[in-house]
Amino acid sequence: MLLLLLLSSLLLLILIYIKIKYFTLRNDLPGLSPHLFFGNLIQVGLLFGTKAASEVYISLKEKFGDIYQYWIGFVRLIVVHDIDDVQYIFTHRSIYDQGQVFIEKFSVLIPESIICNIGAKFKRHGAITMPLFRRNKITANLNLIVDATDKILDRWRAKPSEFIHKDIVEQSQNLLLEIFGLIAFDYNLETIDEQHSDKANELTQALQDVMSIFRVIIYSPRLVSTTYMKWNSKYRRARQIVERYLSNMMEQELNENPQWREERKKTSLIASLVHSLQMDEKIEAQKQEEDKKGLSRSEVFDEMLLFLIAGYETTSTALSWCIYQLSKYPKIQEKLKIEIMSKTNGQYITLEHIDSLSYLDCFINEVFRYSPTIDGTSRAVMVDDRLPKTGVQLYKGDQILLPTSALSRDKRYWKIDPDLFYPERFLNEDKDHNPYAFSPFGGGHRQCLGQDLARFELKVIVARMLQQVTFVDGGQEVNSGGYVQKLTILPRHIGIVIQFN
Ligand code: HEM
């Protein structure tokens, strides 16, 4: 009995120590007093995903002003809303580098990928991965994106005309996964075809398993996520399958004749990555990071998985929001259809068509601004520094959160009310908006690598769809919007009637 009492007192003392040391407001910055282990997640309604992080930042800013502290579970973040300070952080790369939040989360799964690295290793990976997203490589995918979109349109055409589609999010994911497989691996994952939909092929299933496991670990503390990954046989099996396929693809690529490989390198992602493989991994491994060249096999593998994780769910979420907003704003949809039909005349879409669709660019921008896919991004403070505008002192190791989603709704930075969905703002009044008020893909040296690809995919898909269909609001009961906060911010209730022209 005495022993039990002693043990409980000891446990209580440890908990009090942890609370005071790690879960207490610090440095005179305002904020909600954090709970033990959960931080502010319960207070702000994020624990069960009922609110979007973007809404949370807006309400915390109203309460605490332009800078405050905020805990996501164990992680203490300093949230910065002042636009001059945001610009300063994005543009001072030697003081503000990749946030620990990203490094911790991603390194459980893909430690060798660019997102987990800083300094010389980041530069080596960047030199190889950034050229993969050059315009000519992206636009080379036009036909495959149109053809995949046509397949999904065929599925929709087969449904009764009054059918309410409540699975737009899943359909968008299937479409983007099929496109990802073709762009990244030259491989048909068969996620759209009706006859294949019930028995997903081995690689598709494995990729989907990796994604679903990543969704589980993203909000858990590192110890929990590493243990979970270690013991999760589903994950181990999925990873082995993806590795096996990727190895085969690499071998296949390496066996091609050099002239053919040189040609393919210009347009194919897997061919370019294989081209960057180190000749002798053992020799490269012994060199200083600054002197290393190329990527090892495991680095190529991690980059491919990163592209999947960073690229597929984000873009499919943005597509779901595009479809939702089209259903809510029929006049905007009509204007888009007129632009698309006048430029394309209903023909197969070409690059010239895509480049000429300026109102569609405004629409996609407005979807990113109004219904953000990602709530924000993060940076770690590398040396002590003072922010120029708010004058707040920061210390090495502090973690910063840049709430890009809240800035795109901040009335101070927009001439037309940012709570209005109004694509024309990007042609007129808000054409010269502050660039840091609208940065859905982050900013500075760690900005999104795949942003041009994502924009291109969205533009081609939406243009192709609007050539053939009109998205109609399925009624308030099924199409009431709202948010689900997962890896991205998804629409909660979406119900659309799809009318063919
Ligand atoms: C709607 C689609 C997308 C959105 C909203 C999005 C958003 C973002 C954001 C906010 C960041 C953090 C940037 C920063 O910290 O400044 C990021 C990073 C990144 N994104 Fe995207 N992204 C999208 C699509 C893609 C695609 C299609 C790919 C590639 C296939 C991709 C690859 C990456 C990579 C590799 C990084 C890490 C860059 C680094 O660590 O330096 N993203 N993305």
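The values are calculated or read from the model by the stated rules, or taken from the named source; none is laboratory data. Predicted model, so just to flag it, every value in this text is computed and none were measured. All Cβ positions, glycine included, derive from the backbone under ideal geometry; neighbour counts span all protein chains shown. Heads up: the accessible areas ignore ligands, DNA and RNA and are worked out on the full protein's heavy atoms, side chains in. Shrake-Rupley method; radii C 1.70, N 1.55, O 1.52, S 1.80 Å.
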Descending packing, highest mean Cβ count within 10 Å first, for 31-40, 169-178 is 169-178, 31-40
Between the alpha carbon centres of the range 128-178 and the range 309-343 the gap in Å comes to 12
One quarter of the C-alpha convex hull surface, i.e. the mean projected area of the chain in nm², amounts to 27.6
A chain fully extended from ARG412 to GLU352 at 0.36 nm per residue, minus the present Cα-Cα distance, gains in nm 17.9 nm
Most packed first (mean Cβ within 10 Å per residue), the peptides 448-454, 253-259 order as 448-454, 253-259
Taking Cα atoms only, Rg over Rh for the range 368-501 with Rh from the Kirkwood formula is 1.04
With only helices counted (DSSP H, runs n ≥ 4, each -39500 (n - 2.57)), the per-residue ellipticity at 222 nm for the chain, to the nearest 500, works out to -16000 deg cm²/dmol
Within the under-11-Å Cβ sphere about SER316, not counting SER316, Lys/Arg +1 and Asp/Glu -1 give a net charge of -4
Placing each pseudo-label 7 Å from Cα in the direction of the beta carbon, VAL224 and GLU289 end up separated by a distance in nanometres of 3.0
Quick P(r) readout (the range 12-153; Cα-Cα; 5 Å bins; whole %) gives 2, 8, 11, 13, 14, 14, 13, 10, 7, 4, 2, 1, 0
Full extension between LYS328 and ASP419 adds, at 0.36 nm per residue less the Cα distance, a length in nm of 31.3 nm
Surpassing 23 Å at the alpha-carbon level, of the pairs LYS137/LYS287; LYS266/LYS293; LYS61/LYS411; LYS51/LYS335; LYS337/LYS459, are LYS137/LYS287; LYS51/LYS335
Once Lys and Arg are counted +1 and Asp and Glu -1 for all other residues with Cβ under 12 Å from that of TYR395, the total becomes +1
Restricted to the chain, the DSSP antiparallel beta bridge percent, nearest 5, is 85
Checking the range 407-501 for trypsin sites (Lys or Arg not before Pro) in a loop per DSSP with at most 11 other beta-carbon atoms within 10 Å yields LYS431
Percent relative contact order for the range 74-500, counting Cα pairs under 8 Å at least six residues apart, stands at 27
The rounded separation in angstrom of the Cα centers of the range 451-466 and the range 11-45 is 43
Given a 1.4 Å probe, the accessible area of the range 74-500 per residue, as a whole number of Å², is 43
Burial-style ranking of 375-383, 160-168, average other-beta-carbon count within 10 Å with highest first, yields 375-383, 160-168
Computed from the beta carbon distance with a Förster radius of 51 Å, FRET efficiency for LEU12 and SER298 to the nearest 0.05 stands at 0.70
With no solvent term and unit scatterers on the alpha-carbon positions of the range 438-501, Debye gives log₁₀ I(q)/I(0) at q = 0.20 Å⁻¹ of -1.01
